[in-house]
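Below is one structure, written out as structure tokens; the observations come after it.
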Amino acid sequence: MGGVNLSGRADLTGANLTGADLGGADLGGANLRGAILEGANLSGANLRGATWLDGSKCKLESIGGCNK
């Protein structure tokens, strides 16, 4: 799934993304609340403004991980 565009309104609430290749994916603004990301590759993924696993918002500098 690397490089995929899931930005904006993508609702991945509770999704099981265990081991998913999200490297370079655009997840900006996506809802990841309650998602399972165990072993997922987020290298270079854009998480700007995404809703993180715990419901908090990722800051604008969130690339490769959520900076809260």
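Among ASN16, ASN5, which is the only one that is surrounded by fewer than 13 Cβ atoms within 10 Å (Cβ to Cβ) and either modelled with pLDDT of 95 or more or aromatic (Phe, Trp, Tyr) (or both)?
ASN16
Taking only pairs six or more apart or across chains, which ones have beta-carbon atoms under 8 Å, a first residue in the stretch 23-37 that is more than 13 Å from THR51 (Cβ to Cβ), and a second residue that is at pLDDT below 95 and in a strand (DSSP E or B)?
Hits for this filter: ALA25/ASN5; ASP26/ASN5.
Looking only at residues in the stretch 19-46 that are open to solvent by 60 Å² or more (accessible area, probe 1.4 Å) and not polar (S, T, N, Q), which one is nearest to ASN67 (Cα to Cα)?
Once the filter is applied, the top-ranked residue is ARG33.
Within the bounds of the stretch 47-66, is there any residue that is surrounded by fewer than 18 Cβ atoms within 10 Å (Cβ to Cβ), outside any loop (DSSP other than H, G, I, E, B) and not charged (D, E, K, R)? Please lay out each step first, then the result.
Taking the stretch 47-66 as the starting set, the residues that turn out to be surrounded by fewer than 18 Cβ atoms within 10 Å (Cβ to Cβ) are 49, 53-57, 59-61, 63-65.
Subset that is outside any loop (DSSP other than H, G, I, E, B): 57, 63.
Applying the additional criterion that residues be not charged (D, E, K, R) yields 63.
Yes, because at least one residue in the stretch 47-66 is surrounded by fewer than 18 Cβ atoms within 10 Å (Cβ to Cβ), outside any loop (DSSP other than H, G, I, E, B) and not charged (D, E, K, R).
The values are calculated or read from the model by the stated rules, or taken from the named source; none is laboratory data. None of the values given here were measured: they were computed from a predicted structure. No Cβ is skipped: glycine too gets one built from the backbone with ideal geometry, and neighbour counts run over all protein chains shown. Note: areas computed on protein heavy atoms with side chains; ligands, DNA, RNA excluded. Shrake-Rupley method; radii C 1.70, N 1.55, O 1.52, S 1.80 Å.
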